[in-house]
Amino acid sequence: MTTLLLEFDALHYRYPGADTPALRGASLEVRAREKIALMGRNGSGKSTLLLHGNGLLRPQQGVVRWQGAAIAYTRQALRILRNRVGLIFQNPDEQLFAATLLQDLAFGPLNSGASEQEARKRVEWAAARCRIEHLLAQPPHTLSGGQKLCAALAGVLAMRPTVLLADEVTSGLDPWMRRNVLSILDEHVADGGAVVLSTHELDVARHWADKIALMEEGRVVHVASPREFFASPAWRARIGADLWLLSNATPTHHAPRNT
Amino acid sequence: MHRLDAYAHASRLRHVHPLNKFAFALTVIALCLVLDRPAVSAAALLWMAGLSLLWGGATPGFVLRLLAAEGLFLALSVVAVAVQIGPVGQGGGWSATVTPASLAQAGALLLRAFACASAMNFLALTTPILELAAAQRFRAPAALLDVTLVMYRYVFLLLETLMRMQRAQESRNGYASWSATMRSAASLGSQLFAASWRSGQRMEMALQARGYEGGALPMLAPTYTLSWAWLAVACLVLATLLGLAHL
């Protein structure tokens, strides 16, 4: 059994003003060198769970632990947690804020107390890993969607986290860019890290992940290998793998058309 | 704005310290104003446009379009100098006259204004505006610079959101009639505000995720190199302008 890194233990969370809780006892363990695909329907609580991993949300019940120790939610504890657990957002435009990629990538390391020299070193390393060294002098708005995503990924990697939480970062990418992003995540795992990737893409879950964690109504209801998931008709149905068979070509209401 | 920014970031003179370029452009403007000679203005116009094109890397089409837009504005402004309007006799009539002297004065003024605009174009085409602001880091309050920096990024995000929303409205005939245009524009305004508010909140969350705890945004100081070639050319330009002062 590999080292237990991050642990979500029976988390409950309700957003202010919401009728229903986003998390109702969600539990998940993340171990070193694991690649976990976090699946589930829209609104099942995937993003909320990931926000807890980086300390951006504090559970109303339950505990988040790092290597067995509960997170204290003090400024110092959060700083340490965010150096260990990096969070990549779905929309890179909301992560990239600085005038150039160099400035943006250095933001995290400088916040962590790195010297300018150390920050530059980390930026160079992260940019090389994400294949964007040639873009460091560019402002974010001149980049393509895929390049922005790689930049957002590099901005988090520059903080040298052990666990990466990635919120639907492969959706909307072409197959080449998706392969590129997945290979960056693979390299992170090969270095001893772990990745939790929230995704709706069945092929990513099936071929890239070691484990699939399925969320339903704010709980992680099943964690198993992709092989187990896809071998079981019941679990396969619950991740939506057979839905294409159910497409209904007969319209229930005939709409008038403009000709 | 997008293209101007793109040229500034891609400029071959970007490595020169922004304050050097700023001081150079200001000196050229000051010489044009103080020496007040058409030959100096013409030389400054040619030098600055030439440097923007040949060294800065901007395309002739873009520089010409920029100058044309400024030229139109400047030409309209000097009409009042070229045309002299005054009362005729005691009858209460008015006349508009153009004399060779007033035309020459308007021409000289236009040329001088063009030269100054060209110097500012040179600065804008070779220096990203934020680098200029960052170079003042030790003279301006950090909070002001941080707001400038985030706003700069935000302007582009807002423009992209605006374009996306406008296209979505247009694709559903949102601008097909006067009333539809009014309706669409009103909803665009309110939605843009809501979208930018949400986007701002998510951006704040993303900053926190990378360890931001409030206060000034930590930034790497940009590095610049001392270019002897640039210094030589800058001195040559200023010497030319001073040399032409006697013509």
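I'd like to verify a number: residues in segment A:69-120 that are within 7 Å of another protein chain (Cβ to nearest Cβ), of a type outside the set (A, V, I, L, M, F, W, C) and outside any helix (DSSP H, G or I), how many? Looking only at that region, the number is 2. Condition (residue is modelled with pLDDT of 75 or more, more than 26 Å from B:Pro222 (Cβ to Cβ) and either part of a helix (DSSP H, G or I) or touching a strand residue (DSSP E or B) at 6+ places or on another chain (Cβ under 7 Å) (or both)) applied to segment B:121-137: is it met by at least one residue? No, because not a single residue in segment B:121-137 is modelled with pLDDT of 75 or more, more than 26 Å from B:Pro222 (Cβ to Cβ) and either part of a helix (DSSP H, G or I) or touching a strand residue (DSSP E or B) at 6+ places or on another chain (Cβ under 7 Å) (or both). Candidates B:Ala195, B:Ala186, B:Ala216, B:Ala239: the one that is outside the structural domain of B:Arg14 (by TED's automatic domain parsing) and farther than 26 Å from A:Leu51 by Cβ is B:Ala186. Listed by first and then second residue, the pairs linking a residue in segment B:183-195 that is under 17 Å from B:Arg172 (Cα atoms) to a residue that is among the charged types (D, E, K, R) and in a helix (DSSP H, G or I), with Cβ atoms under 9 Å apart and 6 or more places separating them unless they lie on different chains, are B:Ser184/B:Glu170. Every listed requirement among (1) touching a Leu at 6+ places or on another chain (Cβ under 9 Å); (2) within 24 Å of A:Asn83 (Cα to Cα) is met by A:Asp186 save one, (1).
The combined condition, being of a type in the set (D, E, K, R), at pLDDT 80 or above and not assigned by TED's automatic domain parsing to the domain that holds B:His15, is fulfilled by B:Arg202. Which of the residues belonging to segment B:209-225 are within 20 Å of A:Leu101 (Cβ to Cβ) and without any contact (Cβ under 8 Å) to a residue 12 or more places away in the chain? The answer is B:Ala209, B:Arg210, B:Gly211, B:Tyr212, B:Pro218, B:Leu220, B:Thr223. The residues of segment B:172-182 that are more than 33 Å from the chain's Cα centre (by Cα) and either outside any loop (DSSP other than H, G, I, E, B) or in contact (Cβ under 8 Å) with a residue 12 or more places away in the chain (or both), listed by number, are B:Trp178, B:Ser179, B:Ala180. Determine if segment A:110-119 includes at least one residue that is out of contact with any His (no Cβ under 6 Å at 6 or more places or on another chain), among the acidic types (Asp, Glu), within 20 Å of A:Gly53 (Cα to Cα) and surrounded by fewer than 24 Cβ atoms within 10 Å (Cβ to Cβ). Looking for residues that are out of contact with any His (no Cβ under 6 Å at 6 or more places or on another chain), among the acidic types (Asp, Glu), within 20 Å of A:Gly53 (Cα to Cα) and surrounded by fewer than 24 Cβ atoms within 10 Å (Cβ to Cβ), one finds none in segment A:110-119, hence no. Consider segment A:121-151 and keep the residues that are facing chain B (nearest Cβ under 9 Å) and in a helix (DSSP H, G or I). The one that is farthest from A:Leu78 (Cα to Cα) is A:Thr142. Residues considered: A:Ile88, A:Ile80. Of these, the only one that is buried (at least 22 other Cβ atoms within 10 Å of the Cβ) and under 18 Å from A:His52 (Cα atoms) is A:Ile88. Residues of segment A:29-44 being under 14 Å from the mean Cα position of the chain (by Cα) and either within 16 Å of A:Val64 (Cβ to Cβ) or part of a strand (DSSP E or B) (or both), which ones? Correct list: A:Val30, A:Lys35, A:Ile36, A:Ala37, A:Leu38, A:Met39, A:Gly40.
Those helices (runs of 4 or more DSSP H) of segment B:1-70 in which at least 1 residues are loosely packed, with under 15 Cβ neighbours inside 10 Å and more than 14 Å from chain A (Cβ to nearest Cβ), considering only elements entirely within it, cover B:18-35, B:38-50.
Of the set (1) surrounded by 13 or more Cβ atoms within 10 Å (Cβ to Cβ); (2) at pLDDT below 75; (3) within 13 Å of chain A (Cβ to nearest Cβ), all apply to B:Asn173 but (1). Of the residues B:Ala232, B:Ala180, the single one that is in contact with a Gly (Cβ under 7 Å, 6 or more places away or on another chain) and surrounded by fewer than 18 Cβ atoms within 10 Å (Cβ to Cβ) is B:Ala180. Where residues in segment A:61-76 are touching a residue at least 12 places away in the same chain (Cβ under 8 Å) and among the small types (Gly, Ala, Ser), which of them is surrounded by the most Cβ atoms within 10 Å (Cβ to Cβ)? Among residues in segment A:61-76 that are touching a residue at least 12 places away in the same chain (Cβ under 8 Å) and among the small types (Gly, Ala, Ser), the one surrounded by the most Cβ atoms within 10 Å (Cβ to Cβ) is A:Gly62. Across segment B:204-247, what is the number of residues that are within 14 Å of chain A (Cβ to nearest Cβ) and either under 28 Å from the mean Cα position of the chain (by Cα) or in a loop (DSSP other than H, G, I, E, B) (or both)? Within segment B:204-247, residues that are within 14 Å of chain A (Cβ to nearest Cβ) and either under 28 Å from the mean Cα position of the chain (by Cα) or in a loop (DSSP other than H, G, I, E, B) (or both) number 16. Filtering segment A:169-190 to residues that are touching a Ser or Thr at 6+ places or on another chain (Cβ under 9 Å) and outside any helix (DSSP H, G or I) leaves A:Val169, A:Thr170, A:Ser171. Can you tell me which residue within segment A:199-217, out of those that are surrounded by 21 or more Cβ atoms within 10 Å (Cβ to Cβ) and touching a Ser or Thr at 6+ places or on another chain (Cβ under 7 Å), is nearest to A:Leu6 (Cα to Cα)? Taking the candidates together, the pick is A:Lys211. Scanning segment A:1-43 for residues that are of a type in the set (Ser, Thr, Tyr) and over 20 Å from A:Glu228 (Cβ atoms) yields a count of 4.
Table: residues versus (1) of a type in the set (A, V, I, L, M, F, W, C); (2) touching a Gly at 6+ places or on another chain (Cβ under 6 Å); (3) more than 24 Å from A:Leu101 (Cβ to Cβ).
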site	(1), (2), (3)
B:Arg3	no, no, no
B:Ala6	yes, no, no
B:Val16	yes, no, no
B:Lys21	no, no, no
B:Trp55	yes, no, yes
B:Ala68	yes, no, yes
B:Phe73	yes, no, yes
B:Val78	yes, no, yes
B:Val81	yes, no, yes
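The values are calculated or read from the model by the stated rules, or taken from the named source; none is laboratory data. What you see is a predicted model; the values in this text were computed from it and never measured. Here the Cβ is made from the backbone with ideal geometry for all residues, glycine too, and neighbour counts use every protein chain on show.
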